[in-house]
Amino acid sequence: MFSAATLTGKEVDSAFWVITGICAVLFVLIIFFMLFFLYRYRRSRSPVPGDIEGNATLELSFLGISIVIVLAMFLWGWDGYRMIRGQAPEGSLEVKATGQMWLWTFEYGQGRQSNTLILPYGKPVSIRLFSNDVIHSLYVPAFRVKQDAVPGSEKDLWFTPDETGTFDLFCAEYCGTGHSAMITKAVVVGEADFNAWLAGKKEITPAGAAPAAAAKGEKTGAEKGRELFQSKGCSACHSTDGSKLIGPSFKGLFGKKETVVTAGKEREITVDEAYIIKSEHEPAADVVVGFQPLMPPSPMNDEEIKAVIEFMKTLK
Ligand SMILES: [Cu+2]
């Protein structure tokens, strides 16, 4: 079985298994008595049905046992629920998580920011959850946590990672066309690694992902652009392999002739630097025919946009 990777998740698992166990015992008992009575009171053995008198003691004890079983299930779950929904312990690591169409941003103290949720092993984590647009939901199945991010309000959740590794992190609330692409990872590492990462001395990439561009030495514009393409959420809507997602693919896009709709009229343009920069700031100004005006204005500055353009030029 996939065991919970957090201490709080183990509470969820224990309630789950207690309830499943009780249900399994009841299932076996019910099926046993059903088959037993079928056999015991079969027609050939008792051709004439007789009256069965009530038995107050038996009925009351059934009632009593059922109440005890249901209350036991409730109390077991309630115990864990109170802990999980309660206050995070003092000294927890604080992370601000923001959902937007269609990516997650995690902000730590010291100005560190990431699109993957990087966490230290064994330390309680307190997440303050926000949304920039619509309702999203932060969901890490392995952590047994799911909490909505609601625009205009702050939600919170806490847990203590109890296993190192890379875990899937989803948006669990349908939030528009790119919802299914709103996937990232939670990575739990040792405390020393985490502190090095927090201080900007080390990069941490989720297991299975392509390693970040050479950490040492100057990054080229295209490498920076590739990182921005991932971290700013462009990749949710624009592919790099020519496939059509919510927006046009970046493959072969630079220098291409496109028909766009400007103020309701179609016209032909060449995708150059000026067009891309304008489209980042005013995405609805010139929309390529065949696509919806769904793109939010980019949070990138012109220098960052130019890096993304450098990256785009490598996608021939
Ligand atoms: Cu979402």
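The values are calculated or read from the model by the stated rules, or taken from the named source; none is laboratory data. These numbers come from a predicted model, not from an experiment. When we count neighbours, we look across all protein chains shown, and the Cβ atoms used for this are built from the backbone with ideal geometry, even at glycine.
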Tally up the residues in the range 85-108 that are surrounded by fewer than 17 Cβ atoms within 10 Å (Cβ to Cβ) and farther than 16 Å from PHE130 by Cβ, please. 7
Since LYS146 meets every condition but one in (1) touching a helix residue (DSSP H, G or I) at 6+ places or on another chain (Cβ under 6 Å); (2) within 16 Å of the ligand (Cβ to nearest atom), which condition does it not meet? (1)
Would you check if ASP168 is at pLDDT 90 or above and away from the ligand (no atom under 12 Å from the Cβ)? yes
GLN100 being at pLDDT below 90, more than 16 Å from the ligand (Cβ to nearest atom), farther than 20 Å from ARG82 by Cα and not hydroxyl-bearing (Ser, Thr, Tyr): no
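Against the condition at pLDDT 85 or above and surrounded by 16 or more Cβ atoms within 10 Å (Cβ to Cβ), how does GLU258 come out, does it pass? Spell out how you get there, then give the answer.
Details: at pLDDT 85 or above: yes; surrounded by 16 or more Cβ atoms within 10 Å (Cβ to Cβ): yes.
It is true that GLU258 is at pLDDT 85 or above and surrounded by 16 or more Cβ atoms within 10 Å (Cβ to Cβ).
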Inter-residue pairs, beta-carbon under 7 Å, first in a helix (DSSP H, G or I) and in the range 15-30, second surrounded by 13 or more Cβ atoms within 10 Å (Cβ to Cβ), 6+ apart: ALA15/TRP76; ALA15/GLY77; ALA15/GLY80; VAL18/MET73; VAL18/TRP76; ILE19/MET73; ILE22/ILE69; ILE22/MET73
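If you scan the range 236-248, which residues turn out to be part of a loop (DSSP other than H, G, I, E, B), small (Gly, Ala, Ser) and buried (at least 16 other Cβ atoms within 10 Å of the Cβ)?
SER239, GLY247
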Top-ranked residue of the range 125-139 - restricted to ones that are of a type outside the set (A, V, I, L, M) and more than 25 Å from THR177 (Cα to Cα), ranked as nearest to the ligand (Cβ to nearest atom): ARG128
Among GLY77, GLY122, which is the only one that is under 18 Å from THR6 (Cβ atoms), more than 16 Å from the ligand (Cβ to nearest atom) and over 23 Å from the mean Cα position of the chain (by Cα)? GLY77
Within the range 1-60, the count of residues that are of a type in the set (Phe, Trp, Tyr) and exposed (fewer than 10 other Cβ atoms within 10 Å of the Cβ) comes to 2
Given the conditions (1) within 16 Å of the ligand (Cβ to nearest atom); (2) under 22 Å from PHE159 (Cβ atoms), and given that GLY91 satisfies all but one, which numbered condition is not satisfied? (1)
Can you tell me which residue in the range 158-207 is surrounded by the most Cβ atoms within 10 Å (Cβ to Cβ), limited to those that are closer than 16 Å to PRO124 by Cα and free of Cβ contacts under 8 Å to residues at least 60 places away in the same chain? THR164
Look at the range 40-76 and say how many of its residues are polar (S, T, N, Q) and in a loop (DSSP other than H, G, I, E, B). 3
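Any idea which of ALA97, ALA72 is among the hydrophobic types (A, V, I, L, M, F, W, C) and outside the structural domain of ILE30 (by TED's automatic domain parsing)?
After applying the criteria, what remains is ALA97.
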